[in-house]
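A short write-up of the structure that comes next.
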Amino acid sequence: SRLMDLPTCELHRLGEIADLVTSVRLSRIHKEKLALALKNEGYIPKLLQLFQVCENVKNTKGLHLLFDIVRGILYLDKAILFEVMFSDQCILGVVGCLEYDPCLAQPGCHREFLTKTAKLQEVIPIRDPELRQKIRQTSRAQYIQAIILPNPSDFEEGFLSTLNSFISSRKEEILHVLQKDEEFLPDFFAQLTNEATTGEQRCELMRFFKEFCAFSFTLPEKRDELLQTLAKLGILPTLEMLMGMDDLQVRSAATDILSYLVEFSPAMVQEFVMQEAHQSENDTQLIIEVIEQMIYSPDPEFGGDNQLMEILCALIDPEKMLAIASNLEIFEFLDIFYDRYIHVLTAPLLADTSEEWYEIATELSVHRQYIIYFFVQLKALIFLVDNYQTAEILASVLELLSFCVERHKYHMKIYIINKDLLRRALVLMKSKYKFLALCALRFMRRIIGLKDELYNRYITLGNLFEPVVNAVLDNRNRCNLLKSALMELFEFIRMEDIQVLIVHIVENFSDALESVKYIHTFQGLKTKYEQEKDRQNEKLS
């Protein structure tokens with residue numbers, strides 16, 4: 001069809017050009033016609049010549065109009081125009097026009113950023129000049145995409161989809177060339193693991209590799225081949241080594257890459273972890289690095305790292321292991337996990353509560369001198385969790401232990417009872433941080449939710465409902481999430497008619513709970529208790 005007529009590219013007609021570019025935005029056909037006309041008439045270089053003139057004479061009105069025109073042309077979202085605008089001849093003129101946003105009091109500094117600040121750093125020498133040019137063009141396109149995006153509320157469906165595709169296709173081409181280069185990845189790994197590599201160089205290498213993996217793994221047709229190559233090059237032992245380094249940026253990038261591997265190839269990571277567990281007894285294994293980084297090197301703002309917690313859950317989930325191992329092999333791996341690894345995870349929870357804890361607690365009535373020591377230890381633990389960051393770490397540990405209660409029923413039950421772990425966790429019900437108290441309660445709720453007779457006996461014999469009942473009394477006049485969670489726990493026991501626990505609660509705490517008898521759940525527990533007692537009496541009769 002006939003192309004659109006364009007105004008002559010002259011200073012006094014910039015207003016008409018701006019109106020024309022703006023007017024076609026809602027019409028797909030008009031956008032197509034305008035894009036073809038701009039391409040065929042070589043219009044963009046002419047506009048950039050006018051930009052030079054306006055900037056030289058400080059024509060502010062003209063510069064503002066050119067901003068609207070160039071941004072409007074980018075908003076046409078046509079690949080034939082991107083090829084021109086992102087070329088070496090035009091790119092600086094395009095970003096120069098985008099510096100003169102009428103909404104800004106002062107012009108931007110986009111050209112200075114692209115020419116002086118944003119330098120192409122070759123972490124591994126790139127021999128192909130065409131590839132180097134393509135990388136430079138893609139990075140500039142990404143920069144322009146970032147500065148022209150409107151507010152999210154102004155987005156329409158598919159907005160700048162062609163620009164997104166343009167950048168993605170360039171990245172695919174770059175990755176394809178890099179993967180075809182048989183020397184590139186081996187050279188990269190050799191430099192990454194070389195002791196002579198400086199900290200700054202290693203940071204740059206990891207920054208590149210993180211972006212390389214993040215994009216490569218989203219391309220299904222190339223993913224499997226790349227994963228096989230990375231496995232042969234020893235990516236997992238390398239990440240294990242990098243996660244143990246002091247440099248926070250290197251550790252963070254290594255964690256991100258491990259997260260990608262767990263997401264896109266969990267079987268590969270789990271197989272490596274299981275092999276390592278069977279073959280080695282040292283303390284630098286990948287699974288220990290993940291746990292220690294979560295506990296001892298937490299995020300400075302939020303405490304325990306959720307990303308590491310997700311990685312660990314994926315690595316120890318028996319259901320996900322079934323893809324690569326038999327039930328017997330999984331059971332053997334869990335034996336090793338509970339023998340060698342879980343003590344690293346529970347160390348913060350057991351801090352200041354050594355094996356003496358249980359002995360002291362049981363001998364209170366006999367050895368009066370221990371009473372003082374017991375409360376000193378208790379005070380030490382409560383002081384320990386008085387720090388928000390420590391509380392976050394303990395919350396993460398409890399979440400992971402709750403996960404283990406559900407997924408590792410046999411092994412976790414033995415560990416909890418042997419270590420008296422629930423008693424230690426319930427001490428945290430007194431924490432001033434309610435989220436930590438909730439995590440401790442949730443841990444107990446998961447255990448009770450299994451309706452396991454051995455767990456129920458452990459709870460009643462240890463009188464472990466005492467801190468829970470105390471929390472009910474402390475929160476009786478409040479309306480908060482902790483109170484709701486406490487009520488849900490008792491309601492679950494009532495609805496499921498767990499008689500062992502009902503008898504224990506009513507016989508030991510009915511007097512204390514008299515002050516909250518207005519809560520129907522406790523009345524219901526008492527009713528259940530009396531009904532069961534009547535049934536037992538009828539049987540005896």
So, restricting to helices (runs of 4 or more DSSP H) that lie completely within the range 185-295, which ones have at least 1 residues that are farther than 21 Å from L334 by Cα and among the aromatic types (F, W, Y)?
199-216, 248-264
With surrounded by fewer than 18 Cβ atoms within 10 Å (Cβ to Cβ) and at pLDDT below 90 as the only criterion, which of E276, E281 stands out?
E281
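Scan N456, N418 and give me the residue that is over 23 Å from the mean Cα position of the chain (by Cα) and either more than 28 Å from V506 (Cβ to Cβ) or among the basic types (K, R) (or both).
On inspection, the qualifying residue turns out to be N418.
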How about the range 476-488: which of its residues are surrounded by fewer than 19 Cβ atoms within 10 Å (Cβ to Cβ) and not basic (K, R)?
N477, C479, N480, L481, L482, S484, A485, M487, E488
In the range 230-245, what residues are open to solvent by 30 Å² or more (accessible area, probe 1.4 Å) and under 23 Å from the mean Cα position of the chain (by Cα)?
P237, M241, G244, M245
Considering every residue within the range 186-199, establish whether at least one is buried (at least 19 other Cβ atoms within 10 Å of the Cβ) and among the polar types (S, T, N, Q).
no
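Restricting the range 36-64 to residues that are in a loop (DSSP other than H, G, I, E, B) and free of Cβ contacts under 8 Å to residues at least 12 places away in the same chain, which is most open to solvent (accessible area, probe 1.4 Å)?
Taking the range 36-64 first, the residues in a loop (DSSP other than H, G, I, E, B) are 41-42, 57-59.
Cutting the leftovers down to free of Cβ contacts under 8 Å to residues at least 12 places away in the same chain gives us 42, 57-58.
Values: G42: 30, V57: 100, K58: 161 Å².
For the range 36-64, the residue satisfying everything is K58.
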Taking the condition of being touching a residue at least 40 places away in the same chain (Cβ under 8 Å), buried (at least 16 other Cβ atoms within 10 Å of the Cβ) and in a helix (DSSP H, G or I), how many residues in the range 319-335 meet it?
4
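Residues checked against (1) of a type in the set (D, E, K, R); (2) out of contact with any Lys or Arg (no Cβ under 9 Å at 6 or more places or on another chain):
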{"residue": "D19", "(1), (2)": "yes, yes"}
{"residue": "V24", "(1), (2)": "no, no"}
{"residue": "E32", "(1), (2)": "yes, no"}
{"residue": "E55", "(1), (2)": "yes, yes"}
{"residue": "L66", "(1), (2)": "no, yes"}
{"residue": "Q89", "(1), (2)": "no, yes"}
{"residue": "G96", "(1), (2)": "no, no"}
{"residue": "C103", "(1), (2)": "no, yes"}
{"residue": "P107", "(1), (2)": "no, yes"}
Out of the residues in the range 385-441 that are of a type in the set (F, W, Y) and closer than 28 Å to L473 by Cα, which is most open to solvent (accessible area, probe 1.4 Å)?
Y388
Checking the condition under 16 Å from T460 (Cα atoms) and exposed (fewer than 12 other Cβ atoms within 10 Å of the Cβ), which residue from E507, E538 passes?
E507
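Condition check ((1) touching an Asp or Glu at 6+ places or on another chain (Cβ under 8 Å); (2) more than 28 Å from Q142 (Cβ to Cβ); (3) among the acidic types (D, E)) across all residues:
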{"position": "M4", "(1), (2), (3)": "no, yes, no"}
{"position": "E10", "(1), (2), (3)": "no, yes, yes"}
{"position": "E16", "(1), (2), (3)": "no, yes, yes"}
{"position": "A37", "(1), (2), (3)": "yes, no, no"}
{"position": "L65", "(1), (2), (3)": "no, no, no"}
{"position": "R71", "(1), (2), (3)": "no, no, no"}
{"position": "V94", "(1), (2), (3)": "no, no, no"}
Return the total of residues in the range 68-98 being in contact with a Cys (Cβ under 8 Å, 6 or more places away or on another chain) and open to solvent by less than 10 Å² (accessible area, probe 1.4 Å).
2
So F465, is it under 16 Å from K430 (Cβ atoms), touching a Phe, Trp or Tyr at 6+ places or on another chain (Cβ under 7 Å) and surrounded by 18 or more Cβ atoms within 10 Å (Cβ to Cβ)
yes
Go through (1) touching an Asp or Glu at 6+ places or on another chain (Cβ under 8 Å); (2) modelled with pLDDT of 85 or more and name the single condition S168 misses.
(1)
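In the range 216-229, how many residues are open to solvent by 70 Å² or more (accessible area, probe 1.4 Å) and either touching a Phe, Trp or Tyr at 6+ places or on another chain (Cβ under 7 Å) or closer than 20 Å to E173 by Cβ (or both)?
5
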Under 6 Å by Cβ, and 6 or more places apart or on different chains, what pairs join a residue from the range 291-310 that is farther than 22 Å from R340 by Cα with one that is aromatic (F, W, Y) and modelled with pLDDT of 65 or more?
none
Contact list please: Cβ distance under 6 Å, first residue in the range 193-208 and more than 17 Å from I126 (Cα to Cα), second residue open to solvent by 40 Å² or more (accessible area, probe 1.4 Å), pairs at least six apart or on different chains.
T197/Q191; G199/D247; C203/Q249
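The values are calculated or read from the model by the stated rules, or taken from the named source; none is laboratory data. It should be emphasised that the depicted structure is a prediction, and the values quoted were computed from it without experimental measurement. Don't worry about glycine lacking a Cβ; one is built from the backbone with ideal geometry, like all the others, and counts go over all protein chains shown. The area values use the complete protein model at the heavy-atom level, side chains included, leaving out ligands, DNA and RNA. Shrake-Rupley method; radii C 1.70, N 1.55, O 1.52, S 1.80 Å.
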